[in-house]
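Novice: Submitted below is the structure of interest, expressed as structure tokens.
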Amino acid sequence: MTDTKGTFDGFSDDERAAMKEHAQELKKAARRGSKATKADGEQDVLAKIAEFAEPDRIMAERIHAIVKENAPELTPRLWYGQPAYSKNGKLVCFFQPAAKFKTRYATLGFNDAANLDEGAMWATAYALTDLTPDAEARIASLVKQAAS
């Protein structure tokens, strides 16, 4: 998109970097082909989480454990450089670290494959500043419902 001064006003550097990461993820998945396993995706997710600085790394590790415990049918994978979880090839949820787009909070997001429909309107993303026991219980409940 070009503004009236003729300068490009499109994707930010962070957004372009995320798209490049996604392209690399797709290439890696294509190279693995039918040999890909759930363990491959988990290894990729854990390696990405290990790159995060605190507190994002701690939150991502805990969210990964909550997802594995409460929705073992979900397959870990990377999605635009973020830990994500899918079912039958469709993205269900993802963790976006605060540092990814320089925001003040991390995000736990759900895509349309998540079974969270509740009436005419429901939340699809949650801001995370800390993982209290109550927050962890809520995440566990959401993940179970999303994967059902």
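Novice: If I stretch the segment between Ser148 and Ala47 completely, what's the gain in nm (0.36 nm per residue apart, minus their alpha carbon distance), one decimal? Let's see the in-between values first.
Specialist: Values: separation 101, 0.36 × 101 = 36.36 nm, distance 2.73 nm.
Separation in residues times 0.36 nm, less the Cα-Cα distance, equals 33.6 nm.
Novice: Lys and Arg at +1, Asp and Glu at -1: add these up for the other residues within a Cβ distance under 15 Å of Pro55 and post the number. Numbers along the way, then the final one.
Specialist: Details: positive: Arg57, Arg62, Lys100, Lys102, Arg104; negative: Glu51, Glu54, Asp56, Glu61, Asp130, Glu136.
Local net charge: -1.
Novice: Ok, one more. Relative contact order of region 13-147, please, whole-number percent, based on alpha carbon pairs below 8 angstrom and at least 6 residues apart. Kindly include the intermediate steps, with their values, before the conclusion.
Specialist: Numbers: 181 pairs, mean separation 29.2, N = 135.
Across region 13-147, relative contact order equals 22 percent.
Novice: Okay, next question. Measuring from label point to label point, each 7 Å out along Cα→Cβ, what is the Glu15 to Asn115 span in nm?
Specialist: Result: 3.4 nm between the two label points.
Novice: Working from the pairwise distances between different alpha carbons, so that the mean of 1/r is found and then inverted, what is region 13-147's Kirkwood radius in Å?
Specialist: Values: mean 1/r = 0.0660 Å⁻¹.
By the Kirkwood definition, the hydrodynamic radius is 15.1 Å.
Novice: Among the trypsin sites (Lys or Arg not before Pro) in region 53-122, which ones are in a DSSP loop with at most 15 other Cβ atoms within 10 Å of the Cβ? Mind listing them?
Specialist: Passing sites in region 53-122 are Lys102, Arg104.
Every read-out reported here was derived from the displayed coordinates using simple, explicitly stated rules and does not represent laboratory data. What you see is a predicted model; the values in this text were computed from it and never measured. Note that we place each Cβ from the backbone using ideal geometry, even for glycine, and neighbour counts take in every protein chain shown.
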